[in-house]
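Undergrad: Here it is, the structure in full.
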Amino acid sequence: MKRPEPNRPRYDATGYPIPHVYRRKARGKRSARLLIKCGDCPNKFEIYYGPLGEDLEIAGVLASVENWRKILLPLLKQRYCRKRQHHCDHPSADE
């Protein structure tokens, strides 16, 4: 009998492995969760979130959504700007 072939990693256009994302709904005392696994190795981490979306626990660190926004958005914007190859002075929506 043949063994099933293991899942081969998939890569995006830039050459990075595509992560796998698994969602779990909240049930009883168990919080809703996102499980994110690396596309080509066994590394993973979990993001738990409250029923109203007011807080997030990412990799064991609990903080409000607003705090996570302050931490992660500048990092994500910087990467996006580098990819687009333009200056990263983001004008406000009012301008």
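The values are calculated or read from the model by the stated rules, or taken from the named source; none is laboratory data. These figures come from a predicted structure and were not determined experimentally. Every residue, glycine as well, gets a Cβ built from its backbone with ideal geometry; the counts of neighbours run over all protein chains shown.
Undergrad: When only residues in segment 47-64 that are aliphatic (A, V, I, L, M) and outside any strand (DSSP E or B) count, which is surrounded by the fewest Cβ atoms within 10 Å (Cβ to Cβ)?
TA: Here is the first cut: in segment 47-64, the ones aliphatic (A, V, I, L, M) are 47, 52, 56, 58-59, 61-63.
Those left that are additionally outside any strand (DSSP E or B): 52, 59.
On the way: LEU52: 6, ALA59: 9.
The extreme case among them is LEU52.
Undergrad: Take the residues in segment 22-46 that are loosely packed, with under 10 Cβ neighbours inside 10 Å and in a strand (DSSP E or B); name whichever of them is modelled with the highest pLDDT.
TA: Pass one, segment 22-46, residues loosely packed, with under 10 Cβ neighbours inside 10 Å: 23, 25, 27-29, 41-42.
Now drop any that are not in a strand (DSSP E or B), which leaves 23, 27.
Details: ARG23: 95, ARG27: 91.
Ranking the qualifying residues of segment 22-46, first place goes to ARG23.
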